[in-house]
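For reference, the structure is listed below as structure tokens.
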Amino acid sequence: MEPLNEQIMRISQEIGVSMAAGEEISSANLPLNRSDQKNTRAALGEVLDQLVFFVAYDGDRVLRPLAFMSRLKQMNPNRPVILCIAQLSTRERRTYLQNAIPFITADGETFLPFLGLRLHPRLAVSSGKIPDEKFASAEQRLALTVLFAQLVLERRQDAENLSEMVPFKHDGDLFLMTGGQRFVSAIGERVGIKNRVTFNRAASQLVKRGLLKFSGETKNRVYSCRFNSRSFFNNIKQFLISPIQNSGSVRLNFYPEEVSEIDALYTGITGLAKVTMIGDDTKLKTLVVSRSERNLLDCWADKVSPSVTPVCVLQISRYDLNGFNWLFRLGADYPKDVVDPIHLFTMFRNDSDERTQGEAAELVDQIWSRE
């Protein structure tokens, strides 16, 4: 986490407003409960020669400071309290403005009513038709790429030296992603975003949802969001859809792994049983392949006698899931042959069996609880 005084200095240089912060105050001296103390950092400082009290809140519930800002004001009644935060959603911005809470974001948006100052950020949010309630396929692939890339950056010190991670980096509290050909060349093939047109369309939808912001021209545009993978997951999970096609599952009397051209992954109850405590007592194992791999399997299936007892259920995915298994494993210890936890979660989130639904949700929670 970027020190508060360095964060203030960087923002000051970027927006051209004189700001400075001193050393951080011990959180134990803040009039907050233990949970809020753990997530809150503070420092005395000044803005345009006005003495202020800078406060940064690092918890997931970014509206939480509303509950304790008045207590912090009592510590320094003559100093305005300024909330420092990575980025704001539309709802968060509206709430802070309605309550006249001064704030500064990491991308330069500034609201300082005691000085009559309001600056818009250098990063923009596009306008236009609001996207559908759920992600489209390419949009979901890009959102999950952002999520997994954040996990890698959070957990590996050498992450930015990996060739596939070239489009991604972090700057203080911000996660940055370079789009266009740089993204496509480095990692696009892995996640099924193989050209700039597909990337630009998907990124545009994420911007319209308020999940990403951008700066620069289209060719070398840089996208950003808060550098916090758990927070990003919480923001996107409502839009996620299962990658499994509603129809098209087939039963095979041989395992797809027996075909060298096929790279199947365990999914369904079979996959969930391999990474959770749930048991798999079914006789048929469940695997998944992409639509293109299904076409290859059809040729093999035609050669097998229909009288042979089936050994597996084969599901067909809307897009190849292997790249996401690979990307997730860059930042976590996970089986190579099982669908990644986030995609498993999307498959079971509305399952009629509360057991499997709970195990899938717990599997996702463990991504962060093990830290």
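The values are calculated or read from the model by the stated rules, or taken from the named source; none is laboratory data. Nothing here was measured: the structure is a model prediction, and the numbers come from that model. Virtual Cβ from ideal backbone geometry, glycine too; neighbours counted across all protein chains shown.
Checked against (1) over 30 Å from ILE8 (Cβ atoms); (2) at pLDDT below 90; (3) not assigned by TED's automatic domain parsing to the domain that holds LEU287, GLY172 passes all but condition (1).
For residues that are part of a helix (DSSP H, G or I), surrounded by fewer than 17 Cβ atoms within 10 Å (Cβ to Cβ) and either within 16 Å of the chain's Cα centre (by Cα) or among the aliphatic types (A, V, I, L, M) (or both), tally how many sit in region 165-199. Result for region 165-199: 1. In the set (1) farther than 24 Å from ARG10 by Cβ; (2) touching a Lys or Arg at 6+ places or on another chain (Cβ under 7 Å); (3) touching a residue at least 40 places away in the same chain (Cβ under 8 Å), the condition left unmet by GLN181 is number (3).
Taken residue by residue, region 130-150 has no member that is at pLDDT below 85, among the charged types (D, E, K, R) and part of a strand (DSSP E or B). Comparison of ASP365, ASP298 shows that the only residue that is within 13 Å of VAL250 (Cβ to Cβ), in a helix (DSSP H, G or I) and either in contact with a strand residue (DSSP E or B) (Cβ under 6 Å, 6 or more places away or on another chain) or modelled with pLDDT under 95 (or both) is ASP298. Go through region 200-212 and give me each residue that's closer than 30 Å to ARG10 by Cα, touching a residue at least 40 places away in the same chain (Cβ under 8 Å) and not small (Gly, Ala, Ser). Correct list: GLN205, LEU206, VAL207, LYS208, ARG209, LEU211, LEU212. Assess whether ARG226 counts as being touching a residue at least 40 places away in the same chain (Cβ under 8 Å) and more than 17 Å from VAL152 (Cβ to Cβ). No; evaluated as a whole, the condition is false for this residue.
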